[in-house]
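Okay, structure first, notes after.
The values are calculated or read from the model by the stated rules, or taken from the named source; none is laboratory data. Please read all numbers here as calculations on a predicted model, not as lab measurements. Note that we place each Cβ from the backbone using ideal geometry, even for glycine, and neighbour counts take in every protein chain shown. We work out accessible area using only protein heavy atoms, side chains counted, and drop any ligands, DNA or RNA first. Shrake-Rupley method; radii C 1.70, N 1.55, O 1.52, S 1.80 Å.
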Amino acid sequence: MSTLIFIGLLGVFSYHCLAIGKEFRGSSEMARSILLLLGTIGYITFLVTFVWSFWHFAWWQPLVTYAAATIVGGITAIFFQRTVVGVIACQLCVIVFAILSIIGLIG
């Protein structure tokens, strides 16, 4: 069950990386590109692990995870998309939750 939580959080933070990258107003084009690239890779990983989770859990559990991730993403947008600490934390969370999701599904 914790694997589903990791998958949901991967989706949340990947979305935040994409949103921050699209709205990035800084002077560094490289930082914007990293945010967009990491968000895209994270979101693709989220979709793959989400579909993959249907073979490991009851049919309704991944759907509940997706719905919960959508709600959590809306709530946490305030904290992660408006601060510098949130920008850095999103990138780290995408990497950590991608690794934990894949390990959870393989193991």
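Details
- Yes/no for residue 63 being modelled with pLDDT of 90 or more, surrounded by fewer than 17 Cβ atoms within 10 Å (Cβ to Cβ) and part of a helix (DSSP H, G or I): yes
- First in the range 7-32 and on the phi < 0 side of the Ramachandran plot, second anywhere and charged (D, E, K, R) and part of a helix (DSSP H, G or I), Cβ under 8 Å, 6 or more apart: 21/32; 24/32; 26/32
- In the range 77-96, the residues that are under 13 Å from residue 24 (Cβ atoms) reach residues that are crowded, with 19+ Cβ neighbours inside 10 Å and aromatic (Phe, Trp, Tyr) with C-beta atoms within less than 7 angstrom, at least six apart or across chains, in these pairs: 86/80; 90/13; 90/80.
- Top-ranked residue of the range 6-37 - restricted to ones that are touching a Phe, Trp or Tyr at 6+ places or on another chain (Cβ under 9 Å) and open to solvent by 70 Å² or more (accessible area, probe 1.4 Å), ranked as farthest from residue 75 (Cα to Cα): 32
- Of 40, 45, all but one fail to be touching a residue at least 40 places away in the same chain (Cβ under 8 Å) and surrounded by 13 or more Cβ atoms within 10 Å (Cβ to Cβ); the exception is 45.
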